[in-house]
Amino acid sequence: MADTLTLRNHDVEARIFTGRVMILWLVLGLAMFVLVLRLYQLQVLEYARHVARSEQNRIEVQPLAPTRGQVFDRHGRLIAGNLPVFSLTVVRERVEDLDATLALLAELVGLTPEEIETFRKRARERRRPFEPVPLRLRLEEDEIARVAVNRHRLPGVEVEAQMIRFYPQGELLAHALGSVRRITPEDLQRLDPVEYSATRFIGRLGVEKYYEAALHGHVGHERVETDARGRIMRVLDRTPPVSGSNVTLHLDLDLQRAAVAALDGRRGAIVAIEPESGGILAMVSNPGYDPNLFIGGIDTETYAGLRDDPDMPLFNRALRGQYAPGSTFKPFVALAALANGETDWSRTINDPGYYQLPNDSRRYRDWSWRPGGGGQGIVHLRKAIYRSSNTYFFDLATRLGVDRIVEFTRPFGFGDHLEIDVPDAANGLMPDRQWKRRVRGEPWYPGDNLNLGIGQGDMLVTPLQLATAVSILANRGARVRPRMILASDAPLPELETAPLPPIELAEPANFELMVDAMEDVVHRGNQVYGENGTAWAYVGRDIAYRMAGKSGTAQVVEIPQGVKLDPEEVEERRREHAWFVAFAPADAPKIAVAVLVENGGGGSSTAAPVAKSVLDAWLLPGIDEDAQQLVTN
Amino acid sequence: MAQRDFVRRMPDANTTFERRQALLWRLHIDLPLLVLVVLTCGYGLVVLYSAVDGNVDRFVSQLYRLGAALLVMLCAAQIDPMTLRRWASLIYGAGIVLLVIVLLAGTSAKGAQRWIDLPGLPRFQPSEMMKLAVPMMTAAFFAERSVPPKTSAVFVALALIGLPAVLIAAQPDLGTAILVAGSGLAVLLLSGVRWSLVAAGLMACAAALPGLWYVMKDYQRQRVLTLFDPESDPLGAGWNIIQSKIAIGSGGVFGKGLFQGTQSHLDFLPESHTDFIIAVMGEELGLLGILVLLSLYFLIVTRGLFIATQGQDAFARMLAGGLTLTFFTYLFVNIAMVAGLLPVVGVPLPLVSYGGTSALTLMAGFGILMAVGTHRRLLRA
């Protein structure tokens, strides 16, 4: 039918067409309406959400790192400051091809594979998005220029100016001052995430650690408008950071330098304290290390070298080195005996060179013992100090017993810590009956009293503890707490510590007499054989002030495992540690010092001259000026 | 006639009117369409000026392009639709040949071969030409046949539409392929195909939709997935659509103000002056700003469809209707894409997006519409 009909009715066709167009027009209108509905949904119903997201897009709150407070020595000389450095950082999110970028950077600034490895490790430790990951801490001028020229090829790579910690004295103050280190992911778990949002470093040790809160300051921030690539278009508003407080320490650079020089490269520690205030004037642990190494990110080889060095430069002997006090403990035992009425200045014993407990055949030897002879004859308390008689103190210890020794000496800080702002200081060990039963599972034997009486056996002290105890002795019982801080522009609670109750003797003159006996250690000379002070020959012949002192030797317990030494060195390291404690001037002490020379042998011969050098540096102006001269040179 | 009487009574006023009308008629210009198109272009230019960050060079170059495109429109309006009908097959055939050449030896841009580079000639995109050639061919094909067309004829027409669409999709340029196919199908719909066939076709399409998944390329699948869950890859595939939705949504009813859009001016919005320019408009001028544009568009579509109904013959009617529908497809796909209703395909916003090629094609289409509206010899008698 259709085949036959070839005539076309144009009117009908036009009408059909118009009909279709009408339908189509409605359909198109409907489609338009769908679009309008969608726009209504986006722009009216979800308006608030999208506005928020658009603000989030463009506005970034950037934390501003506060400048870390500076640290000065007592004369206002800078010992921990900040240095502006230009560091190379990478914002992972903005880098299109990380491998290519690193390759190009390696070409431009000579990155080592190790730096790249470290960077990749840091980049994996995800923190906030868009946070720059450091790649190289210090860029030289020409390197900055090369990076700047190639900026367009390095999206996401930025040269960032920042302040980093700088220790102008380097190794000299490493152990006294402590240092900062890069914040680790573990730190971030416990740190205030807002306060530390822009901070890269945190106090790792020492003063830097203890006064972290004051030194750190308060973070600032600015709200910035950024484009999609994170470039800052403008700053909307800004809360400036508050710099950390400056801190001034009791430390004296010249004295510190003199103390290091006095050790003359030997392993050991020196702590010098101003007895009146407890201020730590010098704190040396030798060998030291350069704390600046740890800030820039130390390479593993250097670090391993320091860590595995048998001389243990990273180990802070002044705070954490625990040694038997040896004979330096004797003045304290003597005071305990005087306070408890177990002896007086006139009582004597006859020293055959050894001591025997009742009903015990074992002979506890004095240092003067020799086969078939020895002994120091008639010994009174004063001589027991200046000749360091073991026999006398064996007798005293037996009379006193451990309980009374511990009770009396603990207030001097033995087995305790009196320090205020010295973190990580070890406690030492003041053994007693409970300790021995708990740790050794044994009762306290009478023989233990004898060891304790001469500062050997289980008893341990740190150089800081001994310096503290000697300061209290120098103060004639007035207890002070050792402290680093002298002043600060922040009202720190450490600046206002309540004094400790003093150690009082029923007979206060006993302090003065003890000081006299200790002066004899240094000054009693030109006597018949066996009557000179133990240190006189080494320090007492030519001395311009009255110095009270006491030598000591600490038995070496064991050589730490894993330390490789040749036989000669093993022999050297089995030698006793030499101690010397001193203060001067004896009548009005301005300085108290504890010196430890590891494997130094005799306390008087090795450690006493070191102590004298330190006291000289403090008390004799001429030497001080010489040291000044050295500084300026 | 009544009008003559009117003229006789008020000669002065009416002679002017008559003359202007006559002048426009002689120039084959449809005044309402011209006004709407120029208004839309002008409105678009304002938004574009903001979208190119006040870059005067780009703005001026777009101004020139639109001017050139308007000239092309006026030229196209001079061509009698009868001429187009005679040339339809030839243009279509030439277009197919060029598409094959593009696939074999075209110039690549952004991973797709779309261009023919001939020395001494401007770069030429044959797929763009097919946006006009396919509706022309389809209209010419059905104009020869009675209404309603036979089923077999419909299938032939589908093949005529499908061939260039497939060739373009293979470049790959899915956006243009959809527009080309849409322009042909629009003509098919207007040809008076039985509704039963239309329904059957729609059902077949719906049934084939899952199958489409398997022929899609990976990146195309990604785009579809992204449409449904842009947040799954917010910095990658989802970025465009997330940012454009934020831009539109944060504009609200009144917008942030011209040049005040943060999404576009801070580069969060990609392609802000080309395919995603509607997002700039939405952000800066708000819902009201977009409604103005949509109104202009709808008036253009309405005028286009009206012209189609006034067409002199079946070819002219179908061609005009088809071109109008193509224009609508353009704007609908673009806005739906930017608003997150359709997957991202490369379709610019007609008359507004930066770029010359699509403006040229569109204007040529409007020229043909004007030709259809003004070449009506029968009505003059």
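FYI, it's all coordinate maths here, none of it is from the lab. What you see is a predicted model, and the numbers here were worked out from it, not measured in a lab. Note: ideal-geometry Cβ built from the backbone for every residue, glycine included; neighbour counts use all protein chains shown.
Quick notes on this one:
- Per residue, the convex hull volume that the Cα atoms of segment A:134-244 enclose (Å³): 144
- Distant alpha-carbon pairs in segment B:263-381 (separation over 18 angstrom), percent: 56
- For the cross-link pairs B:Lys131/B:Lys256; A:Lys209/A:Lys550; A:Lys330/A:Lys590; A:Lys209/A:Lys590; B:Lys217/B:Lys256, the ones whose C-alpha atoms lie over 31 Å apart are B:Lys131/B:Lys256; A:Lys209/A:Lys550; B:Lys217/B:Lys256.
- With the charge dipole of chain B set up from +1 on Lys and Arg Cβ and -1 on Asp and Glu Cβ about the Cα centre, the Cα lying farthest toward the positive end among the listed residues B:Pro172, B:Ser89, B:Ala206 is that of B:Ser89.
- In segment A:274-392, Cα pairs under 8 Å separated by at least six residues give a relative contact order of 19 percent.
- Per residue, the convex hull spanned by the alpha carbons of segment A:429-539 comes to 194 Å³.
- Mean separation of Cα pairs under 8 Å and 6 or more residues apart, divided by the residue count, gives chain B a relative contact order of 26 percent.
- Restricting attention to the protein assembly as shown, close to 95% of DSSP beta bridges with both partner residues there are antiparallel.
- Residues with amide H under 5 Å from that of A:Glu222, placed H, sequence gap 5 or more: A:Gln62, A:Leu64, A:Thr239
- Geometric extent, Cα atoms of segment A:312-369 - Rg, Dmax (angstrom): 16.9, 49
- For A:Ile183, the amide hydrogen comes within under 5 Å of the amide hydrogens of A:Phe201, A:Ile202, counting only partners 5 or more places away or on other chains and with H modelled in the peptide plane.
- Dipole of the protein assembly as shown, positive direction: furthest Cα of A:Gln41, B:Met136, A:Pro185, with charges on the beta-carbon: B:Met136
- Taking the charge dipole of chain B about its Cα centre, with +1 at Lys and Arg Cβ atoms and -1 at Asp and Glu Cβ atoms, the residue from B:Phe59, B:Val37, B:Pro149 reaching farthest to the positive side is B:Pro149.
- What you get for chain B, charging only the Cβ of Lys and Arg (+1) and of Asp and Glu (-1), is a dipole of about 1480 debye around the Cα centre.
- Exposure proxy shown here: for A:His380, B:His265, the number of other Cβ atoms within 10 Å sets the order, fewest to most, as A:His380, B:His265.
- The dipole here belongs to segment A:66-223: it is taken about the Cα centre, uses +1 on the Cβ of Lys and Arg and -1 on the Cβ of Asp and Glu, and is about 420 debye.
- Taken over the Cα atoms of segment A:26-179, the convex hull encloses 194 Å³ per residue.
- Other residues with beta-carbon under 13 Å from the beta-carbon of A:Tyr167 carry, at +1 per Lys or Arg and -1 per Asp or Glu, a net charge of +1.
- Over segment A:315-449, relative contact order from alpha-carbon pairs under 8 Å, at least 6 apart, %: 25
- Charges were assigned to the Cβ only: +1 to each Lys and Arg, -1 to each Asp and Glu. The resulting dipole of the protein assembly as shown about its Cα centre is roughly 5220 debye.
- According to the Cα-based calculation, Rg over Rh for segment A:353-469 is 1.02, with Rh computed by the Kirkwood formula.
- Where the alpha-carbon atoms of segment A:1-99 are placed on the principal axes, they occupy 119, 38, 16 Å, in descending order.
- Here's how it looks for A:Ser488: its modeled amide H is under 5 Å from those of A:Thr248, which are all 5 or more places away or on a different chain.
- Average projected area [Cα convex hull, chain A], square nanometres: 48.6
- Helical mean residue ellipticity (222 nm; -39500 (n - 2.57) per DSSP H run of 4+; nearest 500) of chain A: -10500 deg cm²/dmol
- Over segment B:25-107: Kirkwood hydrodynamic radius from C-alpha pairwise inverse distances, Å: 15.9
- Reach of A:Lys436 by Cα under 19 Å, taken over lysines that are not fewer than 8 positions away in the same chain: none
- Cut-off 11 Å between beta-carbons: net charge of the residues surrounding A:Phe86, Lys and Arg +1, Asp and Glu -1: -3
- Shape of chain B, Cα gyration tensor, a/c cut at 1.5: oblate
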